[in-house]
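Take a look at the structure below.
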């Protein structure tokens, strides 16, 4: 016995997945003309990558605020110490690893970025993958925000997001 072209071992299924309109595709994302976007959504993005989840996720706002403020204090101490030391080019071995440093955070330090806590950056999120937690979502502290700041241009990160994962209605098929 051999599987069919769709790797089904039992011929009891009717897989018409290739006939359905996709949720999102790179071709639709980069389409130049209307009509070339054969997908439900033209824009899509990964979630966010913090590279410091232990610092920017928490169960409640008080706990998150305390962690983020502490993180900012340690960053500012290192930034001031770095300036006082004459701004050495090598920052990777200079900073105190008490907090989670990334190459982006080091470049922010070299540019002189100041970090200020603001509760407006606290938003609800889904964490790995189905646990609702709070996160601190800001340019400097979020390692890779991907397109999420474009999706929320008003700065109101508390805007609800709708994710759709369901069967496509028959009238949406192309």
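The values are calculated or read from the model by the stated rules, or taken from the named source; none is laboratory data. All values reported here derive from a predicted model rather than from experimental measurement. No Cβ is skipped: glycine too gets one built from the backbone with ideal geometry, and neighbour counts run over all protein chains shown.
Looking at the structure I just gave you, is residue 21 assigned to a loop (DSSP other than H, G, I, E, B), modelled with pLDDT of 85 or more and either over 29 Å from residue 120 (Cβ atoms) or in the same structural domain as residue 126 (by TED's automatic domain parsing) (or both)? Please lay out each step first, then the result.
Details: assigned to a loop (DSSP other than H, G, I, E, B): yes; modelled with pLDDT of 85 or more: yes; either over 29 Å from residue 120 (Cβ atoms) or in the same structural domain as residue 126 (by TED's automatic domain parsing) (or both): yes.
When the stated conditions are applied, residue 21 passes them.
Screening residue 43 on (1) part of a helix (DSSP H, G or I); (2) in contact with a helix residue (DSSP H, G or I) (Cβ under 9 Å, 6 or more places away or on another chain); (3) not assigned by TED's automatic domain parsing to the domain that holds residue 113 shows it passes everything except condition (1).
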